2 protein chains.
Amino acid sequence: MTRAPPEGGPVERRLYGDLPLVDAADAAAGIAADATVLTSGFGSVGYPKAVPLALAEDDRDLELTVVHSGNVGEEIDVDLVESGAIARRFSYQFSSSARAASNRREIAFSDRDASSLGDEVQYGGLVDPDVAVVEAVAVGEGWFVPSTSLGQVPAFVDAADELVVELNRTQPLELQALHDVYRPGKPPDREPIPLTDPGERIGTNHVSFDPGKLVGVVETDIADSTYTFRDPTDDDLAIATNLGSFLAAEMERSPVFDDAIHLQFGVGSLGNALMGELKELDFGGRDVVYFGELIQDGLLDMLDAGRLECASATSMALTEAGQERLFADVERYAEEVVLRPADVANHPGLIDQFGVVGVNSAIEFDIYGNVNSTHVGGTRMINGVGGSADFNRNSLVTVCALPSSLKGGDVSRVVPMTFHVDHTEHDVDVFVTEQGVADVRGLSPVERAELIIENCAHPSFADDLWAYLDDVREQDSHVPHDVERAAAWQ
Amino acid sequence: MTRAPPEGGPVERRLYGDLPLVDAADAAAGIAADATVLTSGFGSVGYPKAVPLALAEDDRDLELTVVHSGNVGEEIDVDLVESGAIARRFSYQFSSSARAASNRREIAFSDRDASSLGDEVQYGGLVDPDVAVVEAVAVGEGWFVPSTSLGQVPAFVDAADELVVELNRTQPLELQALHDVYRPGKPPDREPIPLTDPGERIGTNHVSFDPGKLVGVVETDIADSTYTFRDPTDDDLAIATNLGSFLAAEMERSPVFDDAIHLQFGVGSLGNALMGELKELDFGGRDVVYFGELIQDGLLDMLDAGRLECASATSMALTEAGQERLFADVERYAEEVVLRPADVANHPGLIDQFGVVGVNSAIEFDIYGNVNSTHVGGTRMINGVGGSADFNRNSLVTVCALPSSLKGGDVSRVVPMTFHVDHTEHDVDVFVTEQGVADVRGLSPVERAELIIENCAHPSFADDLWAYLDDVREQDSHVPHDVERAAAWQ
């Protein structure tokens, strides 16, 4: 790994060189009312706070386009959203205010895959970027050290005309030890990413930028608005047990898992619970490696228990307690943890290379194996697709795990038809609920439906799903359906 | 490139060494009645013919699982299908018999992405492979030279317990000059694919195998059942013109296209027509490079006109006339054409690396940008997803091109909702019909709908689509829909 300039050694101070310090209000005032603003932030951490708050309080009639590659915290997702300053936004949201604004279409929200957003912004014509606003723990002339996440920051900094750095003094300087910043070159002369092991470092601990872009450094001490997770429910634990049984059999099945297993888990309370329960699983002496998007508290448990060989991700998406654990001992964790830009952490080619077993949740899946992870009822946006498609599409073994029902059994999450599809029937191999495991690899659509209903549906809904399937299978069709009847399930 | 054994020079004979020659009936008789048979073949060429015909005439009650990574010709897709010998099949079909058998579910058909099928077979638990049957132009002890396509042959040969080689004497020996056989290693120790230019060669001109697997060499002289394309229609030519205008603007827009543009086109009459019309386009001195799945006749025109720098694909999916052109001059074409295994030709990481502009057709797309390329009415399977998802998901710029209506304007191919989704709203950037271009990058779903109806819908249906959108947009939802009303369009 290349250390940060200027000395080539560890970064020992927050500020190097003679940089323009500005306050947040002035930095905000320098952003045009209709600017396209690219921000750091992923997994609700490492996003800029002071400038978004200042923009939220700006008197002008703002119509900003705001782009971030993953979830950002309240200062953007609540304050800036509620101020009405955002006209257009990509590509993940988390708060009820943000959801409501997208569903009322007051904000033109569009949802893109985490791995490709950097290229789409820099080369793909998604937006015309003006300014990048990023959080750092240290900054010098032409470089900064990011804080708790990386996301698409290197691409954003390259793509934007101007740069504002928020220097956050509550984020430990030791976070420098986590980062491995490698931004693939410009296509078509882009080289293959030279990563051969998830624990390897191929880049620098800092992001470089053209010093002429820097319009100001804003100092701040606002902490991340970290995740909160509910305690694991009985369903979560039953899903973990079912997933564990599947993984145990899978490790015996394929030579890919002879010496090691590479895992990824999606974000959320269930994902966190599954990561935590992994430490109970017998891996038969295999190395357990995490190659994913987010590191959640459950993985710290694995690390502390010495059960994890290494972990690669783009964000330390921890709870407040998890962040305290990390901050108290960053350099020890950094021996086994590497943070990468999202275009590396979620890179389709690397997910393929490591033979990842990807485990992601969703809103619902249908009997044929289509998965809806973004739009309730097919129409109302919840959060966003995030990196789930990166892993669902490119993992060697793709698992969709969720409780079979919602609201104490009132709503089935196994439905005849999903009316919004984020992951197609071509992508997901295995479905896991608290009821059991449906390994649909090699099955035709109707065979999948039989196994999914049999093994995964909640008992309250299984009879109705069987009735649906038995009626539609009278049709001469590969994927038989009765759309009106399926719609009644939503 | 490494030449074939034994001499390390060009292969000069069909047969090297003392190999067991068997007739097709005996080879077929050696295949268990419930075997899983992996075959070569992609783009309707390079598939085995004699053994499938012998299996079709076999007296036993066969219940074969047949796996091929792309389209195969009539001997499998018609004769073997109609004989009733196939119980289960992956992952592309083309004949009306095959479609009917899948839709009646007499064959348990499942449809997988072309890029990942090799890994799914060898490592992913899709099937339990018994025997690989492959077509070759030459064979020796532990190696063979494939014929007109590669597909997932290297993975299949590695994965199967036994191997039957069909030595096809109608396929020219000179085809050896086209192949660049590189099979990525086993995950998780798989290395990045070391390809930095689509014209580069990183492998061998032959496929290696464990000599102990070879149960027999079957000699044959049956020609490929090649593609037939209709002449370009007025709609095809109008689509080509609209696509040309889009590409011309796009090349000016992004620095990725400063020196070269890397293109991919989907299979079919439209794709072939689009490839052919490319030669009319002013590329402003840029190198035009093809990084795709299939080479069709239209690309031979580009090559003959000296307009194409190089072409990388997994199959020469030509018409009979195109094959005659190729066969008359293989070595000249091989200076600019490289055939690769499908896991390289369609590799997500390589598509990303080269900043490909991918152009694929479909059955229909909806106003929000979801694309159905496999199931008419959401239920009846047509061909298969092929490699379209590989390119739609991973191209820098993804284009869906099709005529706006079917059957002389009776059926709209722009619909309110697709009831089968192969490519999600997160994937496709630009829609092109004979009516115009809808570049939906950066737009929210409802904005996409407005642009798609305005620019792409057929005039006979535009008013009804506007009426649909205007009614559903009264909802407070991100992707407003009325499922029952949308279903009436199918």
So what's Rg/Rh here for the range A:24-220, counting alpha carbon atoms and using the Kirkwood radius for Rh?
0.95
By its C-alpha gyration tensor, with a ≥ b ≥ c as the square roots of the eigenvalues, how is the range A:314-383 shaped: rounded for a/c under 1.5, else prolate for a/b larger than b/c, else oblate?
oblate
With only Lys, Arg, Asp and Glu charged, each at its Cβ (+1 for the first two, -1 for the last two), find how big the charge dipole of the protein assembly as shown is about the Cα centre; round to the nearest 20 debye.
360
The range B:234-487: relative contact order in percent, alpha carbon pairs under 8 Å with at least 6 residues between:
17
For every other residue with a beta carbon closer than 11 angstrom to the beta carbon of residue A:250, add +1 if it is Lys or Arg and -1 if Asp or Glu, then tell me the sum.
-1
Between the range B:23-48 and the range B:413-485, how many Å separate their Cα centres?
44
Please compute the average number of Cβ atoms from other chains found within 10 Å of each residue's Cβ in peptide A:253-259.
4
Heavy atoms of residue B:407 accessible to a 1.4 Å probe, total area in Å² rounded to 10
150
Where does the charge balance sit around residue B:478 when Lys and Arg score +1, Asp and Glu -1, over other residues with C-beta under 10 Å from its C-beta?
+2
Normalised contact order of the range B:66-121, rounded percent, pairs of Cα under 8 Å and 6 or more residues apart
37
Got a number for the accessible area of residue A:302? Probe 1.4 Å, square angstrom, nearest 10.
0
Would you mind getting me the FRET efficiency between residue A:335 and residue A:169? Use the beta-carbon distance for r and R0 = 22 Å, nearest 0.05.
0.30
Ignoring ligands and nucleic acids, residue B:105 exposes an accessible area, probe 1.4 Å, in Å² to the nearest 10, of 70
I'd like the GluC sites (Glu not before Pro) in the range A:12-114 restricted to DSSP loop residues with at most 12 other Cβ atoms within 10 Å, sorted by number.
A:12
Give me the percent of DSSP beta bridges within the protein assembly as shown that run antiparallel, rounded to the nearest 5.
25
On a straight-distance basis, which aspartates and glutamates could pair with residue B:279 in a cross-link, Cα separation under 13 angstrom, same-chain partners fewer than 8 positions away excluded?
B:287, B:297, B:301, B:304, B:309
State the antiparallel share, in %, of DSSP beta bridges confined to the range B:234-487, rounding to the nearest 5.
30
Which GluC sites (Glu not before Pro) in the range A:407-490 pass both tests, a DSSP loop state and at most 13 other beta-carbon atoms within 10 Å?
A:474
For chain A, calculate the relative contact order in percent as a whole number, restricting contacts to Cα pairs under 8 Å that are 6 or more residues apart.
14
Expected output is a single nm value to one decimal: the length gained when fully extending between residue A:467 and residue A:210, i.e. 0.36 nm times separation in residues minus the C-alpha distance. What is it?
86.2 nm
Order B:179, B:458 by their accessible area, 1.4 angstrom probe, all chains in place, largest first.
B:458, B:179
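Rounded to the nearest 20 Debye, what is the dipole magnitude of chain A about its Cα centre when Lys and Arg each give +1 and Asp and Glu each give -1 at the C-beta? List each step's numbers first, then the result.
Values: 33 positive and 85 negative charges, 73 e Å.
Roughly 340 debye for chain A.
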Distance between the range A:165-239 and the range B:283-345 - C-alpha centres, whole angstrom:
42
Scan around residue A:434 for amide H atoms under 5 Å from its own, H built in the peptide plane at 1.01 Å from N, and keep only partners 5 or more places away or cross-chain.
A:404
How high is the FRET efficiency between residue A:96 and residue B:15 when r is their beta carbon distance and R₀ equals 60 Å, given to the nearest 0.05?
0.25
Less than 9 Å Cβ to Cβ from residue B:240, Lys/Arg counted +1 and Asp/Glu -1: what total charge do the surrounding residues give?
-3
Once the label point is placed 7 Å from Cα along Cβ, list for residue A:213 the distances to the corresponding points in the other copies, in nm, shortest first.
4.8
Give, in nm to one decimal, the length gained when the segment between residue B:104 and residue B:482 is fully stretched (0.36 nm per residue of separation minus the Cα-Cα distance).
133.1 nm
Put a label point 7 Å from Cα along the Cβ direction on residue B:29, then list its distances to the equivalent points in the other copies in nm, shortest first.
9.4
Electrostatic dipole magnitude of the range B:234-487 [Cβ: Lys, Arg +1; Asp, Glu -1; Cα centre; debye, to 20]:
420
Put the label 7 Å from Cα along Cα→Cβ for residue B:194; what are its distances to the other copies, in nanometres, shortest first?
1.2
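The values are calculated or read from the model by the stated rules, or taken from the named source; none is laboratory data. Model, not experiment: these values are computed from the prediction. Glycine also receives a Cβ, built like all others from the backbone with ideal geometry; neighbour counts cover every protein chain displayed. Protein only, heavy atoms only, side chains kept; ligands, DNA and RNA dropped before computing areas. Shrake-Rupley method; radii C 1.70, N 1.55, O 1.52, S 1.80 Å.
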